[in-house]
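Chemist: Mind having a look at this structure? Questions to follow.
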Amino acid sequence: MLKEVLGSIFKKPATNLYPAQKLDMPDKFRGKLKFYPERCIGCKMCMRDCPTNAITINKLAENKFEAVFDLSRCIYCAQCVDSCPKKALEPTKEVELAELDKNKLRVIFKAGDTGNSITKNDK
Ligand code: SF4
Ligand code: SF4
C-alpha cells in the first residue's frame, strides 16, 4: 500500500489540469458552429434537419442570409453541417460556451461577416 502511494507521487496525473491547462480538442471535435454567409443559398436544409430547432436562417436581401444559433438548444450533433449542400456551416473546437445571461447564448452571424465573426444578441 505504502509502495503504491509513494509510487503515484512521481507518476504523471491521469486527469487533465483543466481549466489551468487548456485542452487540445481532437480535429473532428464538434464544438460551436461557424457560419459562412457568402456560401449560404438559403435552402434551409440545416433548419429542417436540426433536431432541436437551434438554428434559424433569415433572408436579409437577395442572396444575403444571416444565421441565428441558439446555443442553449444546440446539442452539437453537427447534423446541420452534414445537411448543408454548400459547406456554409462548420464545427469548431470551441468548447467554453458558458454564459450567465441566457440571451448571450443567442448568436447571430450576419451577412457580410466572415466565418469567424459573430455578434451576440444582447437584447
Ligand atoms: S449542431 Fe445539431 S443541434 Fe446544433 S444547430 Fe446543428 S443540427 Fe441543430
Ligand atoms: S443548409 Fe447551408 S446553404 Fe442551406 S440555408 Fe442552411 S447554411 Fe444556408
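Chemist: Could you check region 29-57 and list, in sequence order, the residues that are more than 19 Å from residue 105 (Cβ to Cβ), basic (Lys, Arg) and in contact (Cβ under 8 Å) with a residue 24 or more places away in the chain?
Modeler: Passing the criteria: 39, 48.
Chemist: Another question about this same structure. Counting only residues that are within 11 Å of the chain's Cα centre (by Cα) and of a type outside the set (A, V, I, L, M), which one in region 79-105 is farthest from ligand 1 (Cβ to nearest atom)?
Modeler: 96
Chemist: Give the residue that is nearest to the chain's Cα centre (by Cα), with candidates limited to residues of region 38-65 that are near ligand 2 (Cβ under 10 Å from one of its atoms) and under 21 Å from residue 93 (Cβ atoms).
Modeler: Among those residues, the one meeting the criterion is 55.
Chemist: To continue, here is another question. I'd like to verify a number: residues in region 67-105 that are touching a Ser or Thr at 6+ places or on another chain (Cβ under 9 Å), part of a strand (DSSP E or B) and among the acidic types (Asp, Glu), how many?
Modeler: So the count comes out to 1.
Chemist: Looking at 60, 6, 17, which is the one that is free of Cβ contacts under 8 Å to residues at least 60 places away in the same chain and in a loop (DSSP other than H, G, I, E, B)?
Modeler: Within the list 60, 6, 17, the selection yields 17.
A short reminder: the numbers here are calculations on the coordinates, not readings from a lab. As the structure is a computational prediction, the values presented were derived from the model and not from experiment. With ideal geometry, Cβ positions are generated from the backbone for all residues, glycine too; neighbour counts draw on all protein chains shown.
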